[in-house]
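A short reminder: the numbers here are calculations on the coordinates, not readings from a lab. Source: prediction; values computed, not measured. Positions of Cβ are backbone-derived with ideal geometry, glycine not excepted, and every protein chain shown enters the neighbour counts.
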Amino acid sequence: MRDSFDVVVIGSGAGGAPIANRLVRQGKSVLVFDKGPLLRPDYEVPGRRSDYRRDELFSSGAEKILRVPGLANAGVSYYSSHVEPDINDEPHVYRGPDNRDYGTIEGYTAQVVGGGTQLYGGVSLRFTPTDLRLKSFNEQRRSPLKDDPAGDVKREARDWPYDYATLEPYYAMAEELVGICGTNDNQQKPFTSGNRYQPPLQPNPISAYANDGMAELGRRLGSNIEPYRTPLAVITRDHAPSGRKIPRDAAGNPDPESAKTSYVNRYGDPLGLKSNTWVSLLGPVAREAGFEIRPNCVVTHLSSQNGRVTQVHYLDPGGIARTVSGRIVVVACSAIESVRLLKLSAAQDDDFDRRINQNPLLGRYFLTHCFGGARALMPGRFDKSKALDADWATDCCATDEFLEANNLWAGAAIYNNTSDQALPLSLFRTHGSQDLDTLWNGFMSDVGMRADGFIKFLDDEFGRGLSISFMANQVPQFDNRIELHPTVKDKWGRPVAYVIKTWHPHDRYLMDTMARQCGNVLRYGGDPVGRNYPIQGQGAIYMAENALARMANHILGGARFGTDPKDSVLDPQNRAWEFDNLYVTDGAFMPTSGGANPTLTIQANAFRVADHLLTRV
Amino acid sequence: MAVAVRDPGSEYVLNHCTKHLSRSGPPPEPGDEAAATAFRARIAEAWRFPIVGFVREVRPDDAPPVNLVTFVYKTTPGDGRPVAVLGTFGTLYEPIPLTPVLFEGEDTGYRAVSVEVPVAELHLYKYLVDGRFVLDPINPQRKRLANGRTWSRFFTDGFLQPIILEPWELRILYRLIDQILPFRSGDAENFLRRYYFGLNRDQRKAEMPKAFRLDESVGEVNAIDKLLARDEAHRLADYRICLKQIDRALRQQNPFVEPYEMPAEDFIELYDKMANGVTIAGWDYGAYADPKFFLYLLRRHAVTTAFAHPRYAGNVGAAGWAYLEFRYADRNKKTLFDWRAALEKPLGTSPYYS
Ligand SMILES: Cc1cc2nc3c(=O)[nH]c(=O)nc-3n(C[C@H](O)[C@H](O)[C@H](O)COP(=O)(O)OP(=O)(O)OC[C@H]3O[C@@H](n4cnc5c(N)ncnc54)[C@H](O)[C@@H]3O)c2cc1C
């Protein structure tokens, strides 16, 4: 078994795969580890039957009971996807508002080759230039900030160590190599390298309300900013960089519309049209001599000598402990697990400990997104089962003028969800409960929904629900952090991750403000005359019962990068200060979480790091 | 008939077993039931074994549907003792050997074999480890035979007969679920009759026996039986206890008729009491404190089995989906739930997804 490589990449998702792709293409030897299985799209299986299924029980399956001793919610039910870790085996624990410890499934993306990009909705937005300079922006701002009496924002906001212009070519590279469809007109971000999107598919007809409502919102805000087609990681044309092809119909013509099935968010794509990192970046280099992947292998810790990571320790699929080494070691396990891996390594290795903990920041400034939106039952009914995750987006709440006018520190992307609640079980299990920890609860306890009441529910809801979401920056807080849990262990006896976080008062204010704008999109869009359509509700995750667990699948920060070794865990190239060859490239590097879904930015940054690594190996 | 043994490759086996079976501590010794029980108890989804999956080779279009069933036995790497499986899916005199599953050429300690088994079947099996017959230490499904012997059990997709619920339990369950699902309104009932009638003869032969009183349901009771036999076996106790309470409560409510023949009003009355936390005469609260909790469970199970993919044995012939397809259409009578387009043939019509 080969045990030394130019580069060892731990984690095959958004942060890891771009690096493997670029280095293998340049003739380097790269080993990729992933804890999860290597499930293949149909075209890699001889009988063309993928292990991903269009089956609603694959995204949230049979009931399991949380049985981890000592957790306050032991005994609750949970329903995980076929590619999520089992939280009885590997719980993520968070501290609840009552200071007691709870288990949650919220902090995982997915445990499978491709990571979270297998299950993601594929919304692939760029951050705005202001997102990368929130410290400067807020220092120079004219209007005061709301609900920030202690001045936390100005103290804790950080500029990224590079500006948008530096990242821009890598955004373009990611859009091209990953395979993304969308439109760039009306986006409030410069596309200096040109438009690399594939053309979008026809929007689902229900999204016309969103389009109209967003346009009206732009008018009312005075900016006249129009919506654009949400960039989605789905190919709509044959994709040369990955060799993927659009299915051909009986007449031999490409049939890109066949990608619209609503088995999208929380489903792996059996046809490989969704651009997860396996089909877009790793599969295409799998036959190259330098590439090797070891799925079903969990990396347990790293050890170092004099600032060089010398060994990567892992358990093979049979649980046998083995090691490999790499000239460069890249950690990309999704932020919570990356921080945990670094902390577990420090606990076992003095050299590693001294260097990674040269300041107290590892695990600190953990971030997710301020997230929420609004929902309404629209006047018309549509076939929502033919949809991708989102159709329209608008940047009208992300401009500097909007932030000044609303006393906000940072902006948000707003987009409509199209595939949510499109299929019958997803409609039932998310009725009244939107997050993973409380699936089914709303349906089960809505006991009046039975027989004719059930039909009424279906008549009201089926094919009529439209939701609008916002995705915004969360204020970085030193006390929001990942630790190792003092007592709870995983199935191998290793301490699990412990998430401690709260929402800042300004976060709440921001979420209220943005949720209102999402509500307005529906009010305007549902009623073109009076612009006052009744909506079901608007809100944000801080209001949820398990608000402290909620992460919207966006797991960021905890090892932020920066220019000052005293103020960051990673240097501007994502290298751990005090280490020669250790890099962290998943969402953990972010000092601020950005006003949009994070994955495209994780990928773009990873492509940037890949260019840097090419100068080193 | 000879069993078709297939080799889906070690990647396939490891993909499906590592998450569940790789954990600290040695695997149980063959035949050590106490150790097996302790080992199994730590695996949240032990019911996934043997792995009931799909054949990965190309199969002729007219080949009868089968599952790929993969038996996995865990020992320590280097263990040379032979492991084989003997079961009713093959001949009972020819054990089929499991072979070591390799990772990068090295023994992982897993032993596995994959065989084709027709869909809608139930089978019993044992492992033969080093000349000794043992139960599958991972799979919790067991069947005790009349002769007192216990075997390990599995079933393939769309299995039709009740496995664990008694006929009287099935009957009451059927009536209770009527109160939850939308299929008992005049419209829906008529639709289902027409739908099943409209299936062609072969489909009907295949589908009709599946569903208990199929004309008025979509087979959800049968599918709940499967859930309790396997995926949610931890809920069997709730059903066992509560169906007894429900039977007793109904008899108190209406002493003149057998519960399953009672008019709908009796079931509605009981449903409402359970839903509203009203004290139910005849319910032993010492045995089960919270009738509402059971109602919640029943609601989730009813709707899951009625609308999940038919491979889980409910939603027979996709009648649950077809009901939505028929109910919701635009002005031109074009359906607003065109579920077939995304799904595999013969259930759906997708030319691309199988
Ligand atoms: C349902 C869902 C919908 C989403 N929708 C969107 C969206 O629309 N847009 C968007 O931008 N983002 C979305 N996301 C988030 C997106 O998936 C993540 O932002 C992205 O995948 C994060 O990349 P990463 O590299 O940090 O981690 P991941 O992509 O999760 O990759 C981490 C990988 O590391 C592996 N790993 C972890 N620990 C170890 C270890 N010790 N040893 C070996 N391997 C290990 C894991 O198995 C995993 O494969 C969504 C996520 C989910 C779950």
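Observations on the model:
- Checking every one of the GluC sites (Glu not before Pro) in the range B:74-176 against DSSP loop status and a limit of 15 other Cβ atoms within 10 Å picks out B:Glu104.
- D_trans [Stokes-Einstein, Kirkwood Rh over alpha-carbon pairs] for the range A:24-97, 10 °C, 1.306 mPa s, µm² s⁻¹: 101 µm²/s
- Normalised contact order of chain B, rounded percent, pairs of Cα under 8 Å and 6 or more residues apart: 13 percent
- Here the range B:292-329 and the range A:193-248 have alpha carbon centers that stand 34 Å from each other.
- Most fluctuating residue given options B:Glu325, B:Glu33, B:Glu57, as computed from a GNM of chain B linking Cα atoms under 10 Å: B:Glu57
- Spherically averaged projected area in nm², based on the convex hull that wraps the Cα atoms of the range B:5-155: 9.6 nm²
- Pairwise Cα distances in the range A:314-447 exceed 22 Å for 65 percent of all pairs.
- Surrounding net charge for A:Glu56, when Lys and Arg each add one and Asp and Glu each subtract one, Cβ distance under 10 Å: +3
- Spin-label zone in the range B:233-269 - amide nitrogen under 16 Å from a point set 7 Å from the Cα of B:Ile164 along the C-beta vector: B:233-244
- Cross-link reach list, lysines versus B:Lys244, counting only Cα pairs under 21 Å and skipping chain neighbours closer than eight places: B:Lys226, B:Lys273, B:Lys292
- The mean sequence separation of alpha-carbon pairs under 8 Å and at least six residues apart, normalised by the residue count of the range A:458-509, gives a relative contact order of 32 percent.
- With contacts taken as Cα pairs under 8 Å at a separation of at least 6 residues, the range A:342-496 carries a relative contact order of 34 percent.
- Whichever lysines have a C-alpha closer than 29 Å to that of A:Lys489, once near sequence neighbours (fewer than 8 apart) are set aside: A:Lys35, A:Lys64, A:Lys343, A:Lys501, B:Lys19, B:Lys74
- Whether the range A:436-504 is rounded, prolate or oblate, judged on the alpha carbon gyration tensor where a/c under 1.5 counts as rounded: oblate
- Note on the range A:115-164: Cα-only Rg and Dmax are 14.9, 43 Å.
- With K and R counted +1 and D and E -1, the other residues having a Cβ less than 10 Å from that of A:Ala604 yield a net charge of 0.
- Mean residue ellipticity at 222 nm, helices only, the protein assembly as shown: -8000 deg cm²/dmol; runs of at least 4 DSSP H residues each add -39,500 (n - 2.57), and the sum is divided by the number of residues.
- Available extension along the chain between A:Arg48 and A:Glu288 is 84.1 nm, counting 0.36 nm per residue and deducting the alpha carbon span.
- Debye-sum result for the range B:167-342 in log10 I(q)/I(0), which assumes one identical scatterer on each alpha carbon, at q = 0.15, 0.17 Å⁻¹: -0.88, -1.07
- Whether the range A:78-192 is rounded, prolate or oblate, judged on the alpha carbon gyration tensor where a/c under 1.5 counts as rounded: oblate
- Between the alpha-carbon centres of the range A:302-338 and the range A:23-38 there is a gap of 13 Å.
- Binned Cα-Cα distances of the range A:391-439, short to long, each 10 Å bin given as a whole percent: 23, 29, 27, 21, 1
- Over the Cα atoms of chain B, the radius of gyration divided by the Kirkwood radius equals 1.01; this is the Rg/Rh ratio.
- Contour excess over end-to-end distance, with Cα ends at B:Glu33 and B:Ile241 and 0.36 nm allotted per residue: 72.2 nm
- Shape call, the range A:507-617: gyration tensor on alpha carbons, a/c limit 1.5: prolate
- For chain B, modelled as a GNM whose springs connect Cα atoms under 10 angstrom apart, the maximal fluctuation among B:Ala319, B:Ala329, B:Ala146 occurs at B:Ala146.
- Separation of alpha-carbon centers, the range B:110-139 and the range A:492-552, rounded to whole Å: 49 Å
- Computed on the Cα atoms alone, the convex hull of the protein assembly as shown gives a volume of 170 cubic angstrom per residue.
- Dimensions of the range B:228-323 from C-alpha coordinates, computed as largest minus smallest value along each principal axis and given longest first, are 39, 29, 23 Å.
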